[in-house]
Ligand SMILES: O=C(O)CCC(=O)C(=O)O
């Protein structure tokens, strides 16, 4: 399996396609902004635990989640300001955000692609990281299943094109050495509510 590491401080683009591919953009948000937003979300987000069927057993999803429609729901003001900055930075009309809270390195998200039926074609997905640095693994669906690792620092954005979701899975593997929490904010462009 081919592996490529991505290093700090330079925008990186492991995958290219006609819609921008997958890019890692470190240092988009300042440290102070990230720390304040982390504290607000930790305290105020409507965190849920979820369960999934796995091998005919109901198991707890190993992270906490919260979801907001940016155009409809009451938001902590700093979350609304952050969404505005992400929209301005990337020029995409994000109207939804999914929050993930990884309490420590035992929490994770399995490799997956975003469900495309509920996204507007051509619009990207953007993930803002806060708190502990965690590794994102990006894996090509097609053999030889090339793999990239991106260490997602607080204040960074990862952008993934809609098209990339057909060809690559992404996930946050467990990382036992990580003792501190991380929050990620996944911004998406969804169709208007029915
Ligand atoms: O936490 C992350 O960086 C990834 C989140 C993710 O894959 C998702 O919300 O679908």
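All of the numbers you see were taken from the coordinates with simple rules; none came from a lab. What you are looking at is a predicted structure, and each value in this text was computed from that prediction instead of being measured. FYI the Cβ positions are ideal-geometry reconstructions off the backbone, even for glycines, and counts take in every protein chain you see.
Using only Cα positions of the stretch 20-62, each an equal point scatterer, no hydration layer, compute I(q)/I(0) via Debye at q = 0.25, 0.26, 0.33 Å⁻¹ and quote the log10 values to two decimals. These q points yield log10 I(q)/I(0) values of -0.84, -0.86, -1.07.
Look at where the Cα atoms of the stretch 164-179 and of the stretch 126-162 average out, and the two centres are 7 Å apart. If you take the square roots of the eigenvalues of the alpha-carbon gyration tensor of the stretch 79-176 and sort them as a ≥ b ≥ c, do you get rounded (a/c under 1.5), prolate (a/b over b/c) or oblate? Verdict is oblate for the stretch 79-176. Here the Kirkwood formula puts the hydrodynamic radius of the stretch 3-188 at 16.8 Å, using every distinct Cα pair.
Could you order peptides 158-170, 25-37, 176-188 by the average number of other Cβ atoms within 10 Å of their residues, highest first?
Most protected by this proxy first, the peptides run 158-170, 176-188, 25-37.
Classify the stretch 121-194 as rounded, prolate or oblate from the Cα gyration tensor: take a ≥ b ≥ c as the square roots of its eigenvalues, call it rounded if a/c is under 1.5, otherwise prolate when a/b beats b/c and oblate if not. Please report the intermediate quantities before stating the final value.
Values: a/c = 2.48, a/b = 1.20, b/c = 2.06.
Oblate, because a/c is 1.5 or more while a/b does not exceed b/c.
When the Gaussian network model of the chain links Cα atoms closer than 10 Å, the mean-square fluctuations of 126, 74, 143 top out at 143. Note on the stretch 53-83 and the stretch 20-46: Cα centroid distance 15 Å, given to the nearest whole angstrom.
Seen through its C-alpha gyration tensor, with square-root eigenvalues sorted a ≥ b ≥ c, the stretch 41-105 comes out prolate because a/c lies at 1.5 or above while a/b is bigger than b/c.
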